[in-house]
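One structure is given below, encoded as structure tokens.
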Amino acid sequence: MRVFEIANARGRKKAAVAVLHYNEQARTAEIDLLPEAAIGRVPAMFNRYLELGERHIDAAWTLRWIQERIPPPSRHNIQGILEALQLDDYDPYALVIASKGVCSQDDFFLREITLEAAGTTREDAPAGEQRYEYAVVSLRQSVGEQIAAARKQRGLTQKELAWRAGIQQCMLSKLERGLCNPTLETLECLAEALGANLQVRFS
């Protein structure tokens with residue numbers, strides 16, 4: 001399984017709005033819209049899902065989205081494109097990955113990440129990888145606890161903090177419970193709303 005963020009190239013932070021999960025063996029892919037994804041700030045095809053309150057895009061529609069971002073096999077210079085991308089055959093998934101999902105119709109692109117960063121766990125993973133995944137879950141919980149503690153220390157409700165940070169209250173609730181992976185942009189907004197400094201450390 002390979003995992004890619006669908007991110008917006010506009011702006012310094014290049015914020016992600018969705019995660020694409022690609023199964024190389026089955027040659028299928030599906031997309032999950034992130035909690036912070038909003039109508040008008042995602043690829044056009046995804047707006048309809050958000051309007052319906054849905055955040056999962058199945059394999060068929062994911063393939064459709066991919067096909068919109070790549071040249072069709074009938075294009076007159078397709079062989080030259082494949083050679084430039086060092087591809088032997090026309091494969092929609094390989095083509096969109098090789099081109100990083102860049103398309104002239106919008107500013108979105110693909111950025112490969114690890115399974116752990118996407119919050120995906122695998123029961124059949126080696127013990128070392130499982131420990132790393134559990135560590136990521138613990139990190140999410142730790143961040144959530146810190147946000148909740150800082151909010152309560154300042155006498156703010158979840159609704160008040162969410163309004164100040166410009167995010168949805170349901171998303172803040174998930175963050176405080178360690179149920180989702182916040183982007184750096186979201187953490188920066190929360191830190192500013194709390195009057196706190198955001199610090200990132202590697203140890």
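The values are calculated or read from the model by the stated rules, or taken from the named source; none is laboratory data. Note that the structure is predicted; figures quoted are calculated from it, not measured. All Cβ positions, glycine included, derive from the backbone under ideal geometry; neighbour counts span all protein chains shown. These area figures cover heavy atoms from the full protein model, side chains too; ligands, DNA and RNA do not enter into them. Shrake-Rupley method; radii C 1.70, N 1.55, O 1.52, S 1.80 Å.
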The number of residues in the range 108-151 that are open to solvent by 40 Å² or more (accessible area, probe 1.4 Å) and modelled with pLDDT of 90 or more is 0
Quick test of your reading of the structure: Gln25 fulfils all but one of (1) farther than 20 Å from Thr183 by Cβ; (2) within 12 Å of the chain's Cα centre (by Cα). Name the failing condition by number. (2)
Determine the pairs where a residue that is within 23 Å of Val17 (Cβ to Cβ) and of a type in the set (S, T, N, Q), located within the range 149-177, has a partner that is surrounded by fewer than 14 Cβ atoms within 10 Å (Cβ to Cβ) and at pLDDT 90 or above with Cβ atoms under 8 Å apart, the partner being 6 or more residues away or on another chain. Gln169/Lys159
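Looking only at the range 36-47, decide whether some residue is in contact with a His (Cβ under 8 Å, 6 or more places away or on another chain) and either open to solvent by less than 60 Å² (accessible area, probe 1.4 Å) or aliphatic (A, V, I, L, M) (or both). Steps first, answer last, please.
Start the filter on the range 36-47 by keeping residues that are in contact with a His (Cβ under 8 Å, 6 or more places away or on another chain), which leaves none.
Within the range 36-47 (the criterion being in contact with a His (Cβ under 8 Å, 6 or more places away or on another chain) and either open to solvent by less than 60 Å² (accessible area, probe 1.4 Å) or aliphatic (A, V, I, L, M) (or both)), the answer is no, since none of the residues qualifies.
Right, Ser99: without any contact (Cβ under 8 Å) to a residue 40 or more places away in the chain, among the hydroxyl-bearing types (Ser, Thr, Tyr), more than 30 Å from Leu175 (Cβ to Cβ) and open to solvent by less than 50 Å² (accessible area, probe 1.4 Å) or not?
Details: without any contact (Cβ under 8 Å) to a residue 40 or more places away in the chain: yes; among the hydroxyl-bearing types (Ser, Thr, Tyr): yes; more than 30 Å from Leu175 (Cβ to Cβ): yes; open to solvent by less than 50 Å² (accessible area, probe 1.4 Å): yes.
Answer is yes for this residue.
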Leading residue by the ranking (farthest from Ala18 (Cα to Cα)) among those in the range 63-93 that are open to solvent by less than 30 Å² (accessible area, probe 1.4 Å) and of a type in the set (A, V, I, L, M): Ile78
Please give the helices (runs of 4 or more DSSP H) falling wholly within the range 1-92 in which 3 or more residues are closer than 20 Å to Asp107 by Cα. 44-51, 59-68
